Amino acid sequence: MDEGLTKKTSKDVFIKAFISIAFSVVLLCLEVTSLIFTLPLLAFVATSRREDGLKVFLPAALILIIRSLYYGWGVENMGLWVCIDLYVPLSLLVAGYIWTISKGKLEKRLFLSLLPALLATILFGLVFFMDRALFDAFYSSMKDAFATVMESALATLGIEADIDFLFLMVSTTVGVFAFPTIAAAACVSFFFYEGKRHSRETSLDDVVASIELNTNLVWVLILSLALLMSSRFISMPLVFSMAFLSLALTMLLVYSIQGFSVLMAWIKNGGVNMKSTTLFIVLLMLGLFMPGLNIVVLFGLPVLGLIENFFDIKTRRKK
């Protein structure tokens, strides 16, 4: 009897894992949802045991690697292209897995989850910085592809533009926002996972409202901003300025989490019947699709988080 029940349970887990992986691959193939392709995998772990995470994350990683090798096969500098193609999805996949197995305070779990992506970002920067020939070859190939697409598009619209300058601006923007984008997508996935997991345990709203970052973490933001400002007066390679700006944006994202916690605490203290998931969806919609209000959301949340870091406005508002 017990053996038959165990076999049935294992079969159910296998079917759930297979469906989760298949759904995840579909999300990955759709460009619009590629940044949240880990949601089905996290949902599987949230409704199963933490130990079952490898049953979905490891096969998903193998699929990612095989997919990148398939599309990059025969391309010049194939190893570099495969690594770049894997950078975002594999970073999100590893971050999701580490989040499911890690415990402790929020900043510790965030750091551990995003550490592989951070190390990969630093490694890419060092490789390009130290091997100028490799960087020039990569930059030229990307610029040629960009020029092929943009020249025809600009000609159709009747717009004249300096393609070299335009590509420099685009590539710099991508370089600055690459890691913060990974961090933002990972945080959305983490919130989804915690919502699924806490639906069976304690209230997620209480957990969100009680988030408190280490007050000393603000020095990382201050240091990154100071180094960024110093680049205006001290000559340094562009890659360093990009790194400082990227770090500052990532820290603002972290304080946005604390700002979200402040809003949730005010809602609970005010007796308003709104769940943290509803508040998150509302803020996400405002931030993505409401011009004007999105600026308030994007800057208001980190400002609230920073104010909470110094003045404990959760408690004062409650009193």
Quiz item: With all pairs of different alpha carbon atoms counted, what Kirkwood hydrodynamic radius in Å does segment 19-68 show?
Solution: 10.9 Å
Quiz item: Of Cys187, Cys29, which has the most accessible area and how do the rest follow, probe 1.4 Å?
Solution: Cys29, Cys187
Quiz prompt | Hull volume in cubic angstrom per residue (convex hull over the Cα atoms of segment 105-151) | solution = 92 Å³
Quiz item: So what's segment 112-269 giving for Cα Rg divided by 2.2 N^0.38 Å, two decimals?
Solution: 1.35
Quiz item: With the calculation restricted to Cα positions, what are the radius of gyration and Dmax of segment 54-132 in angstrom?
Solution: 14.5, 45
Practice problem: Kindly state, as a whole number, the per residue volume in cubic angstrom of the convex hull around the alpha carbon atoms of the chain. | Solution: 179 Å³
Self-check item: Theoretical gain in end-to-end length, Asp144 to Glu76 [0.36 nm per residue, Cα-Cα removed]
Solution: 23.1 nm
Quiz item: Rg and Dmax of segment 209-319, Cα atoms, in Å?
Solution: 16.2, 54
Exercise. Report Rg/Rh for segment 243-296, rounded to two decimals, where Rg is the Cα radius of gyration and Rh the Kirkwood radius.
Key: 1.05
Practice problem: Output ³J(HN,Hα) for segment 150-162: one whole-Hz value per residue in order, computed from phi by the Karplus curve 6.51 cos²θ - 1.76 cosθ + 1.60 with θ = phi - 60°, and x for Gly and Pro. | Solution: 6, 4, 5, 5, 5, 5, 5, 7, x, 10, 9, 8, 7
Practice problem: Would you mind giving the average projected area, over all directions, of the Cα convex hull of segment 200-254 in nm² with one decimal? | Solution: 5.1 nm²
Quiz item: Taking only DSSP H segments of four or more residues, each worth -39500 (n - 2.57), what value at 222 nm results for the chain once the sum is divided by all its residues, to the nearest 500 deg cm²/dmol?
Solution: -27500 deg cm²/dmol
Quiz item: Using a Gaussian network model of the chain with C-alpha springs under 10 Å, which one of Pro59, Pro302, Pro40 is most mobile by mean-square fluctuation?
Solution: Pro59
Quiz item: Going down the table (Lys16/Lys108; Lys103/Lys196; Lys16/Lys105; Lys55/Lys196; Lys196/Lys275), which pairs top 25 Å between alpha carbons?
Solution: Lys16/Lys108; Lys16/Lys105
Quiz item: Rg and Dmax of segment 1-136, using alpha carbons, in Å: what are they?
Solution: 17.7, 66
Exercise. Quick one: grab the alpha carbon gyration tensor of segment 267-311, order the square roots of its eigenvalues as a ≥ b ≥ c, and give me rounded if a/c is under 1.5, else prolate or oblate depending on whether a/b is larger than b/c.
Key: oblate
Quiz item: For segment 138-184, what log10 I(q)/I(0) values come out of the Debye formula at q = 0.13 1/Å, with one point per alpha carbon and no solvent?
Solution: -0.36
Quiz prompt | Surface per residue (accessible, 1.4 Å probe) for segment 187-250, Å² | solution = 57 Å²
Exercise. Using Cα pairs closer than 8 Å and at least 6 residues apart in sequence, work out the relative contact order for segment 105-212, in percent.
Key: 27 percent
Quiz item: Relative contact order for the chain: what is it in percent, counting Cα pairs under 8 Å that are at least 6 residues apart?
Solution: 15 percent
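The values are calculated or read from the model by the stated rules, or taken from the named source; none is laboratory data. As the structure is a computational prediction, the values presented were derived from the model and not from experiment. Each accessible area value is taken on the protein alone, full model and side chains, heavy atoms only, with ligands, DNA and RNA left out. Shrake-Rupley method; radii C 1.70, N 1.55, O 1.52, S 1.80 Å.
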